[in-house]
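Engineer: Submitted below is the structure of interest, expressed as structure tokens.
The values are calculated or read from the model by the stated rules, or taken from the named source; none is laboratory data. All values derive from a computational prediction rather than experimental measurement. Quick reminder, even Gly has a Cβ in these numbers, built from the backbone with ideal geometry, and neighbours come from all protein chains shown. Only protein heavy atoms, including side chains, enter the accessible area calculation; ligands, DNA and RNA are left aside. Shrake-Rupley method; radii C 1.70, N 1.55, O 1.52, S 1.80 Å.
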Amino acid sequence: MKLVIALHEELSPAIAANAAAVLGLALGGRLEDSLAEDGKDASGAVHAGLNPHPVPTLAAGAERLRDLHDRASRQEGVVVVGFNEVARASRSYGQYLEALAATPSDEVGYVGVALFGPRGAVTRLTKRLPLLS
């Protein structure tokens, strides 16, 4: 299995960090066993378990993110989470749902997309995207 986050290449560092956090939380909530077991350090202090999968963070333009979201959504076994401009502009989740209901799919612009699924499928979808820098 493979996990990838792709973010809009022109995001400021603060917005990119926020988008990655939102995507990670939303994706993690959809996956069984998304956290590894807690660990202890040499002093016996317990540290919360982390996601056991590497998380490459890639960059893409607006059209590429939309295409990635749409193609990934059609792939069997791939979990897709998109963080979109409608959500980013909303001040509450209720406001987001209301605005989203009034926005046609082809007008939803993506800030980022998270994918989790079979390694081959996720690699085929993302192999041409550069790392976020």
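Engineer: Using a 1.4 Å probe over the heavy atoms of the protein chains, calculate the carbon and sulfur portion of the accessible area of the chain as a whole percent.
Structural biologist: Within the chain, the accessible surface is 53 percent carbon and sulfur.
Engineer: What's the longest uninterrupted piece of the chain once you rule out the GluC sites (Glu not before Pro) that are loop residues per DSSP with at most 13 other Cβ within 10 Å?
Structural biologist: It works out to 77-133.
Engineer: Moving to a separate point now. How charged is the neighbourhood of residue 119? Take every other residue with its Cβ under 13 Å from the Cβ of residue 119, and add Lys/Arg as +1 and Asp/Glu as -1.
Structural biologist: Combined, the nearby Lys, Arg, Asp and Glu give +3.
Engineer: Only Lys, Arg, Asp and Glu count, each charged at its Cβ (+1, +1, -1, -1), so figure out the dipole size of region 36-133 about its Cα centre, rounded to 20 debye.
Structural biologist: 340
Engineer: Within the chain, which is the longest segment containing none of the trypsin sites (Lys or Arg not before Pro) that sit in a DSSP loop and have at most 13 other Cβ atoms within 10 Å?
Structural biologist: 31-73
Engineer: Enter the Cα centre distance for the pair region 89-133 and region 1-75, rounded to the nearest angstrom.
Structural biologist: 12
Engineer: Projected area of region 1-54, taken from the Cα convex hull and averaged over every viewing direction, in nm²?
Structural biologist: 5.1
Engineer: For residue 103, what is the net charge nearby, where nearby means another residue's Cβ is under 15 Å from its Cβ and Lys, Arg count +1, Asp, Glu -1?
Structural biologist: Net charge around residue 103: -2.
Engineer: Count the net charge of all other residues whose Cβ sits under 13 Å from the Cβ of residue 2, scoring Lys and Arg as +1 and Asp and Glu as -1.
Structural biologist: +3
Engineer: If you build the Cα gyration tensor of region 22-133 and take the root of 5 times each eigenvalue, what three semi-axes come out, in whole angstrom, biggest first?
Structural biologist: Ellipsoid semi-axes (Å, largest first): 29, 20, 13.
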